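Okay, structure first, notes after.
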């Protein structure tokens with residue numbers, strides 16, 4: 001009974017930013033559970049590489065080049081997926097950016113707008129367009145990738161623009177969950193700690209003092225791995241989390257405990 005709820009056989013899942021890191025891990029987790037996965041990413045070579053790796057593991061994967069900041073392109077992909085597969089059951093809004101270590105007083109308009117365009121606007125465009133399809137069919141699960149930075153202020157790196165964008169993702173998640181809850185669409189989010197991906201290489205690989213601070217502030221004393229977030233996403237995408245909507249699951253190795 002309980003294991004059955006984790007299966008996604010016959011489901012169609014769209015994952016943005018799925019060409020590498022957390023996104024690819026999410027696509028693998030959902031595909032392994034039985035879903036047909038649409039790998040969406042801005043760079044075509046990443047899409048091709050991820051789809052090939054997933055197919056080699058026996059996962060039903062299809063690729064799509066997508067810039068989430070372009071709302072018309074998001075709408076077009078939602079229409080295409082729905083037309084080709086007849087349904088959209090899961091959306092994972094993983095596409096995100098973080099060009100950190102910039103002080104607030106040194107943050108240019110362009111730097112601020114870059115993070116908001118991808119991390120906030122892009123998430124909303126995807127929720128809106130794919131959410132419309134889910135509302136039409138009366139069911140669906142959306143999982144947004146937020147961050148522990150939406151709850152706390154990171155140190156030592158300054159990144160007010162990123163923190164603000166992820167706090168917005170969390171509140172957007174709750175707002176959509178409240179609005180769509182009685183119409184069959186659940187909306188939740190995961191708030192990860194530092195995960196070992198290209199996005200965090202500036203700290204893990206290039207700044208040993210910063211990396212030490214990250215570890216010292218984490219009770220588990222380590223950064224996370226993409227698969228550890230993908231497991232939480234799989235749970236939220238599946239019927240195993242059927243009572244959860246508007247939840248922000250903090251997967252941070254205990255970082256926010258202190």
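Consider segment 32-62 and keep the residues that are touching a helix residue (DSSP H, G or I) at 6+ places or on another chain (Cβ under 6 Å) and under 20 Å from residue 126 (Cα atoms). The one that is surrounded by the fewest Cβ atoms within 10 Å (Cβ to Cβ) is 61.
For (1) closer than 23 Å to residue 12 by Cα; (2) surrounded by fewer than 16 Cβ atoms within 10 Å (Cβ to Cβ); (3) out of contact with any strand residue (DSSP E or B) (no Cβ under 8 Å at 6 or more places or on another chain), each residue gets a yes or a no:
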| site | (1), (2), (3) |
| --- | --- |
| 113 | no, yes, yes |
| 145 | yes, no, no |
| 154 | no, no, yes |
| 162 | no, no, yes |
| 173 | yes, no, no |
| 200 | no, no, yes |
| 211 | no, no, yes |
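Counting only strands (runs of 3 or more DSSP E) wholly contained in segment 6-71, the ones carrying 2 or more residues that are touching a residue at least 40 places away in the same chain (Cβ under 8 Å) occupy 12-16, 36-41.
Every residue, every condition in (1) surrounded by 13 or more Cβ atoms within 10 Å (Cβ to Cβ); (2) at pLDDT 95 or above; (3) farther than 23 Å from residue 163 by Cα, yes or no:
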site: 85; (1), (2), (3): yes, yes, yes
site: 88; (1), (2), (3): yes, yes, yes
site: 94; (1), (2), (3): yes, yes, no
site: 97; (1), (2), (3): yes, yes, no
site: 100; (1), (2), (3): yes, no, no
site: 116; (1), (2), (3): yes, yes, no
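The values are calculated or read from the model by the stated rules, or taken from the named source; none is laboratory data. Here the structure is a predicted model, which means the values were calculated and not measured. With ideal geometry, Cβ positions are generated from the backbone for all residues, glycine too; neighbour counts draw on all protein chains shown.
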